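A short worksheet on the structure shown next.
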Amino acid sequence: MTGPSATFGFRDVDAAEKAGMVRGVFDRVARRYDLMNDLMSAGVHRLWKDAVAARLNPQPGETILDVAGGTGDMARRFARMARRAQERRGGADARVFVIDYNGEMIEAGRQRGGMPEICWAVGDAQALPLPDASADAYVISFGIRNVTDIVGALKEARRVLRPGGRFLCLEFSRPVTEALRAAYDAYSFKVIPEIGARVAQDRESYQYLVESIRRFPDQRRFAGMMGEAGFSQVAWTNYSGGVAALHTGRAI
């Protein structure tokens, strides 16, 4: 490597090459992405996502960014909740922007069917195609560990949020007990790549995904990075004993 490095699973690679490598992973997994999420987590990821949507509590008229939103799994939750709130209270339609670096993921989401509140766009979490202070909320679910520059993506999230805007990041994290960490490691490294090989015919991509989880900062470190990026009221909530965590903050 001649320039700055970035993590790609357990490897360190040239930072300029990481985005293309990650794009290749998600090009390969896009078609079976939602099915694999259900298989790998036994459906538990749906409970985590429901909890995130409830915490966000989308409202009529809000502009919500679902960054690294892939197939729109979270965006559909937000749109349905905002619509129900609108039916009770009135107000303007919410706007939910699904922005993902990978065009194959966006296309897979579009093929699942749209909703009037949802707009789809290919875009980079480190350089969002949006003006300053234009969004009420920014959500990124299981995506920030794949960006090349995590701090840069956090600063970009802060840029596009209005003062007081909500930031929510759902990500795999560090289990809170040694016993749970050992069990989770055994499952991740022995079972998940095997499911990928059998169902998606792609062991390598799922090996990368479990390795990327291990390289991601733990709850306390990531909270510190959020503070450095300009967020206040930074906190986290562990799900399933810390297998995943929801990090929250407000734009200052």
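The numbers here are math on the coordinates, done by the rules we state, and not lab data. Since we're looking at a predicted model, the values are computed, not measured. Because the Cβ atoms are built from the backbone with ideal geometry, glycine has one as well, and the counts that use them run over all protein chains shown.
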Summed over the other residues with a beta carbon less than 14 angstrom from that of Asn238, with K and R at +1 and D and E at -1, the charge totals +2
Hey, which lysines would be in cross-link range of Lys18, C-alpha to C-alpha under 26 Å, not counting anything within fewer than 8 residues on its own chain?
Lys155, Lys190
For 92-103, 11-22, ranked highest to lowest by mean beta-carbon neighbours within 10 Å, the order is 92-103, 11-22
Looking only at the stretch 5-251, where both bridge partners belong to it, what percent of the DSSP beta bridges are antiparallel (to the nearest 5)?
50
Any idea which of Phe222, Ala197, Val234 is furthest toward the positive side of the dipole for the stretch 5-251, if Lys and Arg beta-carbons carry +1 and Asp and Glu beta-carbons -1?
Val234
The chain, relative contact order in percent, only Cα pairs under 8 angstrom and at least six apart counted
20
Helix 15-29 against the longest principal axis of the chain: what's the angle in degrees, Cα atoms only, rounded to the nearest 10?
90
Can you put Thr7, Thr148 in order, fewest other beta carbons within 10 Å first?
Thr7, Thr148
Dividing the convex hull volume of the alpha carbon atoms of the stretch 5-251 by its residue count, what do you get in Å³ per residue?
116
Can you compute the charge dipole magnitude of the stretch 5-251 about its Cα centre, using +1 on each Lys and Arg Cβ and -1 on each Asp and Glu Cβ, nothing else charged? Give it in debye, rounded to the nearest 20.
680
Scattering profile of the stretch 87-170 at q = 0.16, 0.23 Å⁻¹ [log10 I(q)/I(0), Debye over alpha-carbon scatterers]:
-0.68, -1.25
Which value, in debye to the nearest 20, gives the size of the charge dipole of the stretch 141-252 about its Cα centre, when Lys and Arg are +1 and Asp and Glu are -1 at the Cβ?
400
In nanometres, the difference between 0.36 nm per residue of separation and the alpha-carbon distance of Lys190 and Asp93 is 30.4 nm
At 7 Å along Cα-to-Cβ for each site, give me the label-to-label distance between Arg31 and Arg55 in nm.
3.5
